[in-house]
Amino acid sequence: MKKLSILLALVLAFSMFAMGCGGSSDDAAADDSSAGGNVIKIGVFEPASGDNGAGGKQETLGIQYANAMQPTVEINGEEYQVQLEIVDNESSTDKGPTAAQNLVSKGVSIVLGSYGSGVSIAASDIFGDAGIPALGVTCTNPQVTEGNDHYFRICFLDPFQGTVLANFAKDNFEAQTAYCLAKLGDDYSVGLCNYFKQAFEGLGGKVVYETFPDGNSDFTSYVANAAKANADVFFAPVSTEAAALIIDQASAQNLQMPILAGDTWDSNVITGAAKGKNVDINVTTFYQEGGNPEFDEGIKAWIEGDSTNLANNGGNTDLAAVTAMGYDAYFTALEAIKLAGSADPADVMAALPNVSYEGVTGLITFNEIGDANRTTAYVKHCNTESGIWEFVAEQGVE
Amino acid sequence: MDFIRDNLPYILAGISVGGQYALIAIGYTMVYGILRLINFAHGDMFMIAGLMGVYAVTWMPLYLAIPFVIIFTVVLGFLIERVAYRPLRSAPRMSVMISAIGVSYLLQNLALYVTGGLTKTYPSIPWISNTITVFGATTKVVTVITPILTIGLVVALMILIHKTKIGMAMRAVSRDFETSRLMGIQIDNVISMTFIIGSFLAAIGSILYFSNYTGVMPTAGAMPGLKAFVAAVFGGIGSIPGAVIGAFIIGICENIIKGMGLTTFSDAFTFAFLIIILIVRPTGLFGEKNIDKV
């Protein structure tokens with residue numbers, strides 16, 4: 001009997017592994033195009049599950065679309081096939097490094113990602129030690145690129161985004177008190193809340209700041225706390241999973257307060273959750289649908305043409321800014337490879353700071369830290385009747 | 001009046017979430033009472049019930065979907081016991097526990113595989129997802145009906161346990177496994193029945209819980225499951241009224257702590273509270289030696 005129980009436990013453990021790996025290996029296999037000849041590998045370090053699964057999948061879609069558009073790159077007159085190596089970092093800072101190690105052992109020349117600053121920071125050293133450059137797509141926390149030479153990024157930063165949002169709250173809603181909600185231990189939301197707080201207090205406002213623990217799905221009391229604090233705006237730059245619950249609860253409690261958030265909320269998960277509800281949502285983001293009609297049309301047709309892509313985009317063809325960013329990141333990486341004239345990670349890393357690329361989200365150039373030089377953010381408002389994003393303003397910082 | 005208006009939302013939320021924990025906690029406490037097994041897969045059963053609710057409404061109309069979810073969960077609970085626990089009936093207790101942990105991970109990973117890791121939004125059920133205003137606090141109808149439904153179900157369960165033949169068999173098995181077998185009680189049937197009741201309540205709990213907190217993800221069962229388990233220990237594991245009262249105390253406690261502005265520590269306080277209670281009363285609130293352990 002004892003043997004039987006050990007056997008059973010083993011069988012369960014193995015089936016667990018089989019299940020866990022199933023999802024990600026499917027994705028990778030789908031992108032194994034003709035592998036013969038000259039191949040250069042680009043690693044895609046994105047979450048496909050966990051808190052940021054939805055956003056990570058949309059960012060990956062942009063990269064995959066770009067790869068479908070431009071599957072080859074020319075290095076010194078030779079044609080190289082670009083192969084994407086996609087891993088799932090599970091939105092988790094303890095599982096991310098394993099996924100990163102996986103990319104290193106696959107011998108990628110450059111890594112794109114991740115969605116979510118926390119995982120990027122956690123995996124940074126693995127890429128650094130292996131001498132592989134990483135190009136952050138939408139990780140906005142300053143710590144990602146700070147103090148290292150290998151991490152670059154193409155998006156704006158949280159100090160900038162936080163200031164933009166604080167200005168927006170002050171200008172548009174004449175807010176005196178802001179309620180900020182972050183997830184405990186999450187670098188992105190805690191960081192952004194702090195920058196918002198600094199900027200907002202600098203403008204003479206008052207901030208009530210609270211955090212919720214991992215795994216929390218009951219936001220009743222947080223919404224009630226915001227109402228009790230008599231706040232004028234509700235600032236919650238949290239993951240889309242938590243966001244959907246917050247929106248639902250805000251509507252259920254009839255919270256008459258504009259909700260502000262950062263780039264993560266620019267997702268059809270949010271518009272889906274807010275549709276038909278009594279909420280006022282405003283977010284800052286990288287790209288406004290319609291900014292480049294040709295790109296919009298192409299990617300929509302591509303997403304619609306494949307049921308897996310459609311499912312990964314949340315079941316419709318609404319474009320998220322992260323998808324456009326993923327698209328630009330891929331081409332920025334190709335640009336760096338061309339400039340390096342080599343598939344060697346060290347050469348690509350050396351070439352990256354000099355890259356200048358005009359993408360669909362604007363001109364991408366890097367400063368000495370490795371951050372993109374960006375000076376504007378787009379503010380969008382969610383139309384709760386039609387469930388789409390509406391452009392509000394292009395906001396910079398004075 | 002201001003005081004009530006300010007604090008009522010927290011108390012309402014606490015009572016409601018407490019009722020939902022209670023429905024899960026009964027499953028833990030009954031299985032423990034009879035098998036001396038902590039069924040770690042119970043929280044994940046609850047999650048699977050929620051996930052099934054998401055899919056069921058796309059397959060059939062709502063009035064069929066709800067009974068379907070309940071029946072599916074009951075069958076799943078029955079099958080888990082049949083496949084993963086019954087073959088280990090004479091094995092050391094630790095083996096069954098490991099088996100339960102295995103089932104828990106299996107269910108979570110299965111959900112991860114099916115959903116692709118994305119959070120599914122629970123369908124809104126007419127009426128119970130509507131908003132109402134109670135003394136100036138706006139909330140969903142489900143918040144108000146949860147405690148009523150919970151107490152109704154618990155009363156029905158107590159009647160079942162104390163007035164029916166199967167209830168008597170359950171009480172007997174919980175007292176003494178071997179002797180009740182000698183007395184001609186089909187203990188396998190009694191154990192199956194326990195799992196069926198536990199799963200049934202978990203399914204009801206999942207409908208109520210996810211109507212209020214609409215995101216269903218593969219790990220959605222972990223936290224409510226843990227809290228319900230804590231509630232069961234808190235009330236004295238093996239005791240049904242204890243589990244229910246424990247669940248209400250934990251639900252109200254964590255919401256009041258959040259309302260006091262100590263949001264960061266709400267879980268920490270809840271668990272610290274548990275430790276204090278267990279130091280003072282090691283058997284929990286109602287876990288006296290002679291209680292009916294069902």
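The values are calculated or read from the model by the stated rules, or taken from the named source; none is laboratory data. As the structure is a prediction and not an experimental result, all values here were calculated from the model. Note that each Cβ is placed from the backbone with ideal geometry, even for glycine, and that neighbours are counted across all protein chains shown. Heads up: the accessible areas ignore ligands, DNA and RNA and are worked out on the full protein's heavy atoms, side chains in. Shrake-Rupley method; radii C 1.70, N 1.55, O 1.52, S 1.80 Å.
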Problem set entry | region A:152-264 - Debye-derived log10 I(q)/I(0), Cα point model, q = 0.12, 0.19 Å⁻¹ | -0.37, -0.94
Problem set entry | Principal axis dimensions, largest first and in whole angstrom, of the protein assembly as shown by Cα | 88, 65, 48
Seminar exercise, completed: Magnitude of the Cβ-charge dipole (Lys and Arg +1, Asp and Glu -1) of chain A about the Cα centre, nearest 20 debye, reported as 1060
For this session: Please name the residues of region A:221-250 whose accessible area, counted over protein heavy atoms with a 1.4 angstrom probe, falls by no less than 50 Å² between the chain alone and the full protein assembly.
Result: A:S221, A:K228, A:E241, A:L245, A:D248
For this session: Report which residues of region B:209-238 become buried by 50 Å² or more of accessible surface when going from the isolated chain to the complete set of protein chains (1.4 Å probe; DNA, RNA and ligands ignored).
Result: B:Y213
For this session: Any chance you could check the Cα centroid distance between region B:121-195 and region A:343-398 for me, in angstrom?
Result: 54
Exercise. Between A:N354 and A:T98, 0.36 nm times their residue separation minus their Cα-Cα distance comes to what?
Worked result: 89.1 nm
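Between A:L339 and A:E174, what FRET efficiency follows from the Cβ-Cβ distance if R0 is 60 Å, with the result rounded to 0.05? Mind showing how you got there, number by number?
Working: r = 48 Å, r/R0 = 0.80.
Rounded to the nearest 0.05, the efficiency is 0.80.
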Exercise. Which whole-Hz ³J(HN,Hα) couplings does region A:329-334 yield from phi under the Karplus relation 6.51 cos²θ - 1.76 cosθ + 1.60, θ = phi - 60°, glycine and proline marked x?
Worked result: 4, 4, 6, 4, 5, 4
For this session: Summarise the accessible area of chain A (1.4 Å probe, protein heavy atoms) by the percent that is carbon and sulfur.
Result: 49
Exercise. How far is it, in nm, from the label point at A:Q256 to the one at A:K277 when both lie 7 Å from their Cα along the line to the Cβ?
Worked result: 1.9
For this session: Go ahead and estimate [θ] at 222 nm for chain B from helices alone: -39,500 (n - 2.57) per DSSP H run with n ≥ 4, summed, over the residue count, rounded to 500.
Result: -24000 deg cm²/dmol
Seminar exercise, completed: Among B:F271, B:T164, B:T119, the residue whose Cα sits farthest towards the positive end of the charge dipole of region B:2-280 (+1 at Cβ of Lys and Arg, -1 at Cβ of Asp and Glu, taken about the Cα centre) is B:T164
Exercise. Pick from A:N316, A:N167, A:N216: which is most flexible by mean-square fluctuation in a GNM of chain A where alpha carbon atoms under 10 Å apart are linked?
Worked result: A:N216
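Kyte-Doolittle cut-off -0.5, length cut-off 30 Å along the helix's own axis using Cα: show which whole DSSP H helices in chain B pass. Don't skip to the end; give the middle numbers.
Numbers: long enough: B:2-35 (49 Å, 0.94); B:93-115 (33 Å, 1.16); B:141-163 (33 Å, 2.23); B:187-212 (38 Å, 1.39).
Result, helices passing both filters: B:2-35, B:93-115, B:141-163, B:187-212.
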For this session: Please report, in debye to the nearest 20, how large the charge dipole of chain B is about its Cα centre when each Lys and Arg carries +1 at its beta carbon and each Asp and Glu carries -1 there.
Result: 540
Exercise. For A:N76 and A:K106, what is the calculated FRET efficiency with R₀ set at 22 Å and r taken between the beta-carbons, to the nearest 0.05?
Worked result: 0.40
Exercise. Tell me, what is the per residue accessible area of the protein assembly as shown in Å², probe radius 1.4 Å?
Worked result: 38
Exercise. Relative to a virtual label point 7 Å from the Cα of A:E146 in the Cα→beta-carbon direction, which members of region A:364-383 show backbone nitrogen distances below 16 Å?
Worked result: A:368-372
Exercise. Hey, what do the phi angles of region A:48-61 turn into as Karplus ³J(HN,Hα) couplings, whole Hz, using 6.51/-1.76/1.60 and θ = phi - 60°, x for Gly and Pro?
Worked result: 10, 8, x, 3, 9, x, 4, x, x, 5, 5, 5, 4, 4
Problem set entry | For A:D214, residues with placed amide H under 5 Å, excluding near neighbours | A:L184
Exercise. For region A:262-271, in order, what is each residue's ³J(HN,Hα) by Karplus, 6.51 cos²θ - 1.76 cosθ + 1.60 with θ = phi - 60°, in whole Hz (x at glycine and Pro)?
Worked result: x, 5, 4, 6, 6, 8, 6, 4, 5, 4
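At R0 = 45 Å, how high is the FRET efficiency between B:H162 and B:V114 if r is their beta carbon distance? Nearest 0.05 is fine. List each step's numbers first, then the result.
Numbers: r = 40 Å, r/R0 = 0.90.
Here the calculated transfer efficiency is 0.65.
In Å² (nearest 100), what accessible area is buried between A and B, both sides summed, heavy protein atoms only, 1.4 Å probe? Each step should come with its number before you reach the end.
Values: alone 16210 and 13820 Å², together 26580 Å².
About 3400 Å² of accessible surface is lost on pairing.
How large, in percent, is the carbon and sulfur part of the accessible surface of region B:2-280 at a probe radius of 1.4 Å? Walk me through the numbers on the way to the answer.
Numbers: 8040 of 11000 Å².
Answer for region B:2-280 is 73 percent, counting heavy atoms of protein chains only.
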Exercise. Can you give the helix-only mean residue ellipticity at 222 nm for chain A, where every DSSP H stretch with n ≥ 4 adds -39500 (n - 2.57) and the sum goes over all residues, rounded to the nearest 500 deg cm²/dmol?
Worked result: -14000 deg cm²/dmol
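Looking at the P(r) of region B:2-280, how many percent of alpha-carbon pairs lie beyond 31 Å? It would help to have the intermediate numbers written out before the result.
Working: 10113 of 38781 pairs.
Taking all Cα-Cα pairs of region B:2-280, the fraction more than 31 Å apart is 26 percent.
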Exercise. Which residues' amide hydrogens lie under 5 Å from the amide hydrogen of A:V392, considering only partners 5 or more residues apart or on another chain, with H built in the peptide plane?
Worked result: A:V379, A:K380, A:H381
Exercise. Which far-off residues, 5 or more places away or on another chain, put their amide H under 5 Å from the one on B:I132, with H placed in the peptide plane?
Worked result: B:T139, B:K140, B:V141
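Local charge sum around A:T145 (other residues, Cβ-Cβ under 11 Å, Lys/Arg +1, Asp/Glu -1)?
On the way: positive: A:R153; negative: A:E146, A:D149, A:E368, A:D371.
After counting each charged neighbour, the total is -3.
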